[in-house]
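Student: What follows is a single structure, and I will ask about it in a moment.
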Amino acid sequence: MTKAYAQGFSSQHSEISISELPIHGQFPTWLRGTLIRNGPGQFEVGKTPIPHWFDGLAQLHRFSFGDGKVSYGNRFIRSNAYAKDNQTGKINYRGFAVDPCRTMFQKAFALFIEQEPANNTVVNITRLEDDFIAMTEFPLAVRFDPHTLETLGVLDYDEKVNAQLATAHPHYDFARRVGINHMTRIGRKMNYDLYALTSKKRTKLASVTVKSPSYMHSFSTTPRYIILADYSFKLKSLIQLAFGDKPFIQNFVWDDTEDSHFLVIDIERGKLVAEVPTDPFFCFHHINAYEADDNTLIVDLSAYDDAHLIDQLYVDALLQQDYPQVGEFRRYTVPLNGGRASYEVLSDESIELPRINYKPHNGRDYQFAYGASVQKGTSDFLNQIVKVDVKNRQTSVWYEEGCYPSEPVFVPAPNAQAEDDGVLLVVVLDSRAGNSFMLALDAQSMQELGRAIVPQHIPFGFHGSFFDI
């Protein structure tokens, strides 16, 4: 039986630009700016399916708002992978869960020696000064024009980093006026390296040596600390990664006999100040973290008991099996002066692709988080939006049958007095109509304000950002 959400995993080859979308309801007249989202737009090369959701060829989507009107455009990132794969009709580059057939020496060169990158930056969007960039989980970003979505080339730094992995979830430190990101160095020496970022320079903040690196998709920051969650999902064999026949992510192994750890790095001193064990768990997305007192951190995560979800995100699995229940909203209490971290679950609803009111509350005490979720009692794909009140332990939802929402992006109202005074902007696939729409929710009431109808479907993507442009 075909899944109702199957269209979300089908390619969208049409690139369009529409100056004004039809609207049902109303968008706030104060809402001015542009939401740009990133995700896969092509799920096959020639007749070869791209096997994993994370490896689809990147496509940007732009929604611009003003005077209650909404415009839309989409465009593929003109990456090396997009150009060469479509020219040759085959997959040419190593990705998250795909690896073209190569000799053992080609594999080793691809891992340790800089060659032409795939630069299929399919995961996230951010801005560094005047540069708008798309990112993936490798230490390379692609610049683009935020108005036309035209690809402008790689964000090129003078200094090179000796790292094979990076997160696509950098943080921005408003006090220091720099981005912060985590990279993993794989080789004879294994390191977690932390960097301060501008559009022109990368400055190393700290380096933590590890025996075996884990796969990390995101991390947390507070005014004093960078917090890495070092999961029990680790690279077990450098030789196998370099010379074996498995795609990148399949070289990581879940081992529930090993604790997970929270690694706490002091930003100013560049030193590891605590390595706090906890029971094995896995997570894609940190929600937020803050310093409860001088000796305790609070770290909120969308967490899982193991890393099995990665296997369930292969496209065939998503289309042929029931979608698994997504992450628990876990609050970890992390002691800095000894002992183990423990957690409690803050909501009886699951949560993924979480967002908060970022600028005033990232790294600080907060009340509200938003995310996509699966309605309880169903095995559907992500089919509702949740708002979690972490102070009062209450959860409210938006749900409409046959609709599949993406990550909700919070935009504060002008002169907002409350943390949740604003709107949530959500791309939604309408499986009944066969197209997508931009949904605006009142973030306080979770009631629909309006929807702008896109005349084609938007494939399921990952992350996006709102910019005042």
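Student: Could you say whether any residue in region 31-48 is among the charged types (D, E, K, R) and closer than 30 Å to residue 246 by Cβ?
Tutor: Yes - at least one qualifying residue is present in region 31-48.
Student: I'm trying to understand the selection: among the residues of region 12-26, which are within 26 Å of the chain's Cα centre (by Cα) and of a type outside the set (Ser, Thr, Tyr)?
Tutor: 12, 13, 15, 16
Student: Surrounded by 14 or more Cβ atoms within 10 Å (Cβ to Cβ) and under 19 Å from residue 192 (Cβ atoms), is that true of residue 149?
Tutor: No, not satisfied.
Student: Here are some conditions: (1) surrounded by 15 or more Cβ atoms within 10 Å (Cβ to Cβ); (2) of a type outside the set (Val, Ile, Thr); (3) assigned to a loop (DSSP other than H, G, I, E, B); (4) over 24 Å from the mean Cα position of the chain (by Cα). Residue 274 meets all but one. Which one does it not meet?
Tutor: Condition not satisfied by residue 274: (3).
Student: Let me ask something else. Look through 397, 388 and report the one residue that is buried (at least 21 other Cβ atoms within 10 Å of the Cβ) and either within 18 Å of the chain's Cα centre (by Cα) or not in a loop (DSSP other than H, G, I, E, B) (or both).
Tutor: 388
Student: Does residue 139 qualify as being crowded, with 20+ Cβ neighbours inside 10 Å and either at pLDDT 95 or above or not hydrophobic (A, V, I, L, M, F, W, C) (or both)?
Tutor: Spelling it out, residue 139 is indeed crowded, with 20+ Cβ neighbours inside 10 Å and either at pLDDT 95 or above or not hydrophobic (A, V, I, L, M, F, W, C) (or both).
Student: Give me the residue from region 27-57 that is of a type in the set (Ser, Thr, Tyr) and within 23 Å of residue 450 (Cβ to Cβ) and, out of that set, farthest from the chain's Cα centre (by Cα).
Tutor: Among residues in region 27-57 that are of a type in the set (Ser, Thr, Tyr) and within 23 Å of residue 450 (Cβ to Cβ), the one farthest from the chain's Cα centre (by Cα) is 29.
Student: Show the residue pairs that are 6+ apart or on different chains and have beta-carbon atoms under 9 Å apart, the first residue being within region 69-82 and within 12 Å of residue 134 (Cα to Cα) and touching a residue at least 40 places away in the same chain (Cβ under 8 Å), the second being outside any helix (DSSP H, G or I) and of a type in the set (Asp, Glu).
Tutor: 76/15; 78/150
Residue-wise test of (1) more than 21 Å from residue 399 (Cα to Cα); (2) β-branched (Val, Ile, Thr); (3) free of Cβ contacts under 8 Å to residues at least 12 places away in the same chain; (4) in contact with a Gly (Cβ under 9 Å, 6 or more places away or on another chain).
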site: 308; (1), (2), (3), (4): yes, no, no, no
site: 313; (1), (2), (3), (4): yes, no, no, no
site: 317; (1), (2), (3), (4): yes, no, yes, no
site: 323; (1), (2), (3), (4): no, no, no, no
site: 328; (1), (2), (3), (4): no, no, no, no
site: 331; (1), (2), (3), (4): yes, no, no, no
site: 338; (1), (2), (3), (4): yes, no, yes, no
site: 341; (1), (2), (3), (4): yes, no, no, no
site: 353; (1), (2), (3), (4): no, no, no, yes
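Student: Shifting gears a bit: Could you tell me which of the residues 332, 404 is assigned to a strand (DSSP E or B), closer than 23 Å to residue 460 by Cβ and among the hydroxyl-bearing types (Ser, Thr, Tyr)?
Tutor: 404
Student: Having 3 or more residues that are closer than 24 Å to residue 248 by Cβ is the bar; report the strands (runs of 3 or more DSSP E) wholly within region 110-216 that clear it.
Tutor: Strands (runs of 3 or more DSSP E) meeting the threshold: 124-128, 131-135, 178-185, 191-197, 202-209.
Student: Consider residue 256 carefully, then state whether it is modelled with pLDDT under 95, assigned to a loop (DSSP other than H, G, I, E, B) and closer than 17 Å to residue 330 by Cβ.
Tutor: Working: modelled with pLDDT under 95: yes; assigned to a loop (DSSP other than H, G, I, E, B): yes; closer than 17 Å to residue 330 by Cβ: yes.
Considered against the rule, which asks whether it is modelled with pLDDT under 95, assigned to a loop (DSSP other than H, G, I, E, B) and closer than 17 Å to residue 330 by Cβ, residue 256 comes out as yes.
Student: Still on this structure: Within region 366-397, can you find the residues that are among the aromatic types (Phe, Trp, Tyr) and closer than 16 Å to residue 422 by Cβ?
Tutor: If the condition is that a residue be among the aromatic types (Phe, Trp, Tyr) and closer than 16 Å to residue 422 by Cβ, then 366, 368, 370 are the ones that fit.
Student: Please work out which residue is modelled with the highest pLDDT, limiting yourself to region 158-189 and to residues that are among the aliphatic types (A, V, I, L, M) and under 18 Å from residue 211 (Cβ atoms).
Tutor: First pass over region 158-189, keeping only residues among the aliphatic types (A, V, I, L, M): 161, 163, 165-166, 168, 175, 178, 180, 183, 186.
Those still in the list that are under 18 Å from residue 211 (Cβ atoms) too: 163, 165, 183, 186.
Numbers: 163: 85, 165: 88, 183: 95, 186: 89.
Checking each candidate, the answer is 183.
Student: Related question: If the Cβ limit is 7 Å and pairs must be 6+ apart or interchain, which residue in region 412-430 that is modelled with pLDDT of 95 or more and hydroxyl-bearing (Ser, Thr, Tyr) pairs with which residue that is surrounded by fewer than 21 Cβ atoms within 10 Å (Cβ to Cβ) and assigned to a strand (DSSP E or B)?
Tutor: Final answer for the pair search is none.
Student: With 134, 175 as the choices, which residue is loosely packed, with under 14 Cβ neighbours inside 10 Å, in contact (Cβ under 8 Å) with a residue 24 or more places away in the chain and out of contact with any helix residue (DSSP H, G or I) (no Cβ under 7 Å at 6 or more places or on another chain)?
Tutor: 175
Student: Quick one: residue 464 ticks every box in (1) of a type outside the set (A, V, I, L, M); (2) within 20 Å of residue 369 (Cα to Cα); (3) not in a strand (DSSP E or B) except a single one, so which number is it?
Tutor: Checking residue 464 against (1) of a type outside the set (A, V, I, L, M); (2) within 20 Å of residue 369 (Cα to Cα); (3) not in a strand (DSSP E or B), the one that fails is (3).
Student: Show me the strands (runs of 3 or more DSSP E) found entirely inside region 32-95 where at least 1 residues are within 26 Å of residue 323 (Cα to Cα) and touching a His at 6+ places or on another chain (Cβ under 6 Å).
Tutor: On the way: elements: 33-42, 57-66, 69-76.
Output list reads 33-42.
Student: Right, something else. Can you tell me which residue within region 319-336, out of those that are modelled with pLDDT under 95 and either over 21 Å from residue 167 (Cβ atoms) or of a type in the set (S, T, N, Q) (or both), is surrounded by the most Cβ atoms within 10 Å (Cβ to Cβ)?
Tutor: In the first step, residues of region 319-336 are kept if they are modelled with pLDDT under 95; the result is 319-326.
Of the ones still in play, those that are also either over 21 Å from residue 167 (Cβ atoms) or of a type in the set (S, T, N, Q) (or both) are 319-325.
Values: 319: 16, 320: 10, 321: 12, 322: 14, 323: 19, 324: 17, 325: 14.
Among those residues, the one meeting the criterion is 323.
Student: Among the numbered conditions (1) more than 19 Å from residue 61 (Cβ to Cβ); (2) aromatic (Phe, Trp, Tyr); (3) not in a loop (DSSP other than H, G, I, E, B), tell me where residue 410 comes up short.
Tutor: Among (1) more than 19 Å from residue 61 (Cβ to Cβ); (2) aromatic (Phe, Trp, Tyr); (3) not in a loop (DSSP other than H, G, I, E, B), the lone unmet condition for residue 410 is (1).
Student: Sort out which residues of region 77-88 are in contact with a strand residue (DSSP E or B) (Cβ under 8 Å, 6 or more places away or on another chain) and either surrounded by 20 or more Cβ atoms within 10 Å (Cβ to Cβ) or aliphatic (A, V, I, L, M) (or both), and write them in order of number.
Tutor: 77, 79, 81, 82, 85
The values are calculated or read from the model by the stated rules, or taken from the named source; none is laboratory data. This is a predicted model, so every value here is computed, not measured. Cβ: placed from backbone, ideal geometry, glycine included. Neighbour counts: every protein chain shown.
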